[in-house]
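Note sheet for the following structure.
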Amino acid sequence: MASSEPATELAPEDEQQLVEEAQRGNLDAMRPLLERYAQPLYGAVILPRLGDTASAEEVLRDTLATAVEKIGRFTWQGKSIFPWLRQIAVNEA
């Protein structure tokens, strides 16, 4: 059964640092965040909504691309970036 959060958490301050680096233009800083949250997004958010693996994989790719494109609009609120990524996934699905 898929969890909505990854098994291993990044500390909020680590996530914040990666987000801030990405917002300063170092988009490579997004990689650890996207790698950490791709499976929970796919398994707990996207696939259950779509029920089709090919469509779910496409939506996951679109979700991650949108997150990178719009990271400058993200406002850090002292918690995980996962809820923001989840909302992008819901919108894409």
Rounded to whole Hz, the Karplus (6.51, -1.76, 1.60) HN-Hα couplings of region 76-93, x for glycine and proline
5, 10, x, 10, 4, 6, 3, x, 5, 5, 4, 5, 4, 4, 4, 5, 6, 6
Cα-based Rg then Dmax for region 11-80, in Å, read 12.9, 37
Spin-label model distance (nm) - residue 26 vs residue 77, 7 Å beyond Cα toward Cβ:
2.6
Determine the per residue accessible area of the chain with all protein chains present and a 1.4 angstrom probe, expressed in square angstrom.
59
What is the percent carbon and sulfur in the accessible area of the chain, measuring with a 1.4 Å probe over the protein chains and ignoring ligands?
46
Karplus (6.51, -1.76, 1.60) ³J(HN,Hα), θ = phi - 60°, over region 40-48, in Hz, Gly and Pro reported as x:
x, 4, 5, x, 9, 10, 7, 4, x
What's the magnitude of the charge dipole for region 9-51 around its Cα centre, counting Lys and Arg as +1 and Asp and Glu as -1 at the beta-carbon? Answer in Debye, nearest 20.
320
Given charges of +1 on the Cβ of Lys and Arg and -1 on the Cβ of Asp and Glu, with all other atoms neutral, how large is the dipole of the chain about its Cα centre, in debye to the nearest 20?
220
What is the chain's relative contact order, in percent, from Cα pairs under 8 angstrom and six or more apart in sequence?
35
How many nm is it between the label spots at residue 55 and residue 69, if each spot is 7 Å from the Cα in line with the beta carbon?
2.1
Linear extension gain, residue 14 paired with residue 91, 0.36 nm per residue minus alpha-carbon span
25.1 nm
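The values are calculated or read from the model by the stated rules, or taken from the named source; none is laboratory data. Remember, it's a predicted structure, so these values are computed and weren't measured experimentally. For neighbour counting, all protein chains shown are included, and Cβ atoms are generated from backbone atoms with ideal geometry for every residue, glycine included. Ligands, DNA and RNA are excluded from the accessible area calculation, which covers all protein heavy atoms including side chains. Shrake-Rupley method; radii C 1.70, N 1.55, O 1.52, S 1.80 Å.
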